[in-house]
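What follows is a short report on a single structure.
The values are calculated or read from the model by the stated rules, or taken from the named source; none is laboratory data. Nothing here was measured: the structure is a model prediction, and the numbers come from that model. All Cβ positions, even for glycine, are placed from backbone atoms using ideal geometry, and neighbour counts span all protein chains on display. With ligands, DNA and RNA removed, areas are computed over all heavy atoms of the protein, side chains included. Shrake-Rupley method; radii C 1.70, N 1.55, O 1.52, S 1.80 Å.
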Amino acid sequence: MKVFFANEFSRYYEEIILTIRKFKNGGTMIGDGHRNVIKVFKIGDRLINFKSFKQHNIINRHVYKFYRKSKARRSFEYALFLLDKKFYTPTPIAYIENHDIIGLTSSYYMSEQLENSLMLNEILTNKDFPDREEIIKGYAALMYTLHENGIEFIDNSAGNFLIRKEEGVYRFYIVDLNRMNFYDHIEINKRLKNFARFTLDNEIMNIISKEYALLSGASAEYCLKKISDASNKMLFKRKVKKVLKFYKYIIRI
């Protein structure tokens, strides 16, 4: 077992190891656990979010032991990186990896459980939510700042941002961090393609496009076209993937 803590949280070592041992039958589940399993446990006076990553096939198990950092380790390191760059993400606490002779068998990422927050997608789907347009503009501004810092957040979907109002200001916390790319500079087309997973709602696309255009100096029309094209292309890929899965299921029958 490999265990790595942020310095100030090493005092929780024994409690977290004990929690991992009872992970399957304890805690409060978040989400459906279809891919990764996320649970919240109380340790001391803290609520801690434990994310157990989906088990890999035998090839990827070998890759994640010898050639590539595990998703848990990347989540931890990227969280520290974002905080260092003055972005917000739930406080990283630790990550754990278990290995056997073949490769990685399981991995966990632990972070602060962010209370009194909403997922951004809950706000987007509620057109009566107070300050909804302001929040969408704030999201566009956040993405612009990430891009200016050379950060491409690959899993850029509305479910991966938590919103909390703090001292009268909406603050965005980025979660699901294990897939990011880092560059010295990101050109405008690549930036706009980064919105492909976010929405197919024309109203939301228009707000994002206008705000990103205002910040970047590109035209709103250009931003809207590129974001729309990227979103439609992503939708097409998802449809093709569903069809292929259906035919695989039929063949098995």
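Observations on the model:
- Residue-level check: of (1) closer than 30 Å to Lys54 by Cα; (2) within 20 Å of the chain's Cα centre (by Cα); (3) in contact (Cβ under 8 Å) with a residue 12 or more places away in the chain, Arg238 misses just (3).
- Those residues of the stretch 161-189 which are touching a residue at least 40 places away in the same chain (Cβ under 8 Å) and either within 19 Å of Ser209 (Cβ to Cβ) or part of a helix (DSSP H, G or I) (or both), in sequence order: Phe161, Phe172
- From the options Lys237, Lys233, Lys245, residue that is part of a helix (DSSP H, G or I), of a type outside the set (A, V, I, L, M), open to solvent by 80 Å² or more (accessible area, probe 1.4 Å) and farther than 30 Å from Ile30 by Cβ: Lys233
- Restricting the search to strands (runs of 3 or more DSSP E) fully inside the stretch 1-61 and requiring at least 3 residues that are hydrophobic (A, V, I, L, M, F, W, C) and more than 26 Å from Gly103 (Cα to Cα) gives 37-43.
- When the stretch 159-189 is filtered for residues that are under 26 Å from Arg68 (Cβ atoms) and open to solvent by 70 Å² or more (accessible area, probe 1.4 Å), the ones remaining, listed by number, are Arg179, Phe182, Tyr183, Asp184, His185.
- Number of positions in the stretch 132-160 that are aliphatic (A, V, I, L, M) and part of a loop (DSSP other than H, G, I, E, B): 1
- Residues being touching a residue at least 24 places away in the same chain (Cβ under 8 Å), touching a Ser or Thr at 6+ places or on another chain (Cβ under 9 Å) and either within 20 Å of Asp128 (Cβ to Cβ) or of a type in the set (Asp, Glu) (or both) - total across the stretch 209-222: 0
- Search result, residues across the stretch 83-105 that are of a type in the set (S, T, N, Q) and either under 25 Å from Thr145 (Cβ atoms) or in a loop (DSSP other than H, G, I, E, B) (or both): Thr89, Thr91
- Residues of the stretch 106-131 that turn out to be open to solvent by 70 Å² or more (accessible area, probe 1.4 Å) and either in a strand (DSSP E or B) or touching a Ser or Thr at 6+ places or on another chain (Cβ under 6 Å) (or both), as a count: 1
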